[in-house]
Amino acid sequence: MRRIVNQQVTLKPQDIVVLLKLLVCSGRVLTFSELAGQLAMSASEVHASVGRAMAARLVNMASDNLQVTKAALKEFLLHGAKYAFPATFGAATRGVPTAYAAPPLVTLVSQPDELPPVWPDPSGERRGVALYPLYPTVPQAARVDPALYECLALFDALRSGAARERQIASQLLSERVK
């Protein structure tokens, strides 16, 4: 029996993480190794992620520098990615606040009667309901880059929040992707 191989390129959750990192690093030239170190990924994972993003026309090469195609990324984040990468919740745990419990939404949205969403992390500072991150190293990457942390938390609000949270997150994420 002949094995059939699917040649279709498919984005992976870590591609969103890499794209958001490239977005917040706009203008700075970073090697795959530097990106990998900042995202706690391997250089080969980052390289493969950029390749998939290029195939999806979400990033391109301009003057030996990776440039995010902002209009395409904005459209994908706001209208498609939440369906491709739906929120996955788990049990109560210790972790890093995300979605409405993290900046910048934490000052705009209040949910006092429920445990906040957190990325599970043993060294996390808050107890909450597990909202599994797009990639296992997201909590580490978010700790070292506040701008990336905000973008990832806003994306989590888009994929997991109530209507008001999604509306505010959409507006704030749109401003960051301009």
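Values quoted throughout were computed directly from the atomic coordinates according to the rules given, and no laboratory measurement underlies them. Predicted model only: the values in this text are computed from it and were never measured. Methodologically, a virtual Cβ is constructed for each residue, glycine included, from the backbone with ideal geometry; neighbour enumeration extends over all protein chains shown.
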**OP:** Counting helices only, and only those DSSP H runs with n ≥ 4, report the 222 nm mean residue ellipticity of the chain as the sum of -39,500 (n - 2.57) divided by its residues, in deg cm²/dmol to the nearest 500.
**Re:** -14000 deg cm²/dmol
**OP:** Would you mind working out the magnitude of the charge dipole of the chain relative to its Cα centre, with +1 at each Lys and Arg C-beta and -1 at each Asp and Glu C-beta, to the nearest 20 Debye?
**Re:** 480 debye
**OP:** For the chain, set up a Gaussian network in which alpha carbons nearer than 10 Å are linked by springs, and say which option among Ala130, Ala40, Ala102 fluctuates the most.
**Re:** Ala40
Subject >> Beta bridges by DSSP in the chain, antiparallel share as percent, to the nearest 5 >> reply: 85 percent
**OP:** Arrange Cys25, Cys151 by Cβ neighbour counts within 10 Å, fewest through most, would you?
**Re:** Cys25, Cys151
Original post:
Can you run phi through the Karplus equation (6.51, -1.76, 1.60; θ = phi - 60°) for segment 15-32 and list ³J(HN,Hα) in whole Hz, with x for Gly and Pro?
Top reply: 5, 5, 4, 5, 4, 5, 5, 4, 4, 6, 9, 2, x, 8, 8, 10, 7, 4
Original post:
So what are the three principal axis dimensions of the chain from its Cα atoms, in whole Å, longest to shortest?
Top reply: 51, 48, 30
Subject >> R0 of 45 Å, Cβ-Cβ distance Ser110-Glu34: FRET efficiency to nearest 0.05 >> reply: 0.75
**OP:** Find how much the distance from Ser174 to Ser26 grows on full extension, using 0.36 nm per residue of separation minus their present alpha carbon separation; answer in nm with one decimal.
**Re:** 51.7 nm
Original post:
Which ordering of Asp15, Asp113, Asp145 is given by a fewest-first count of other beta-carbon atoms within 10 Å?
Top reply: Asp113, Asp145, Asp15
**OP:** Extending each Cα 7 Å along its Cβ direction at Arg164 and Thr88, get the distance between those two points in nm, one decimal.
**Re:** 3.0 nm
Original post:
How far is it, in nm, from the label point at Asn6 to the one at Ser42 when both lie 7 Å from their Cα along the line to the Cβ?
Top reply: 2.2 nm
Original post:
What ³J(HN,Hα) values, in whole Hz, does the Karplus curve 6.51 cos²θ - 1.76 cosθ + 1.60 give for segment 168-177 when θ = phi - 60°, with x put for Gly and Pro?
Top reply: 5, 4, 4, 5, 5, 5, 4, 5, 7, 9
Original post:
Of the trypsin sites (Lys or Arg not before Pro) in segment 35-82, which ones lie in a loop per DSSP and count no more than 14 other C-beta atoms within 10 Å?
Top reply: Arg57
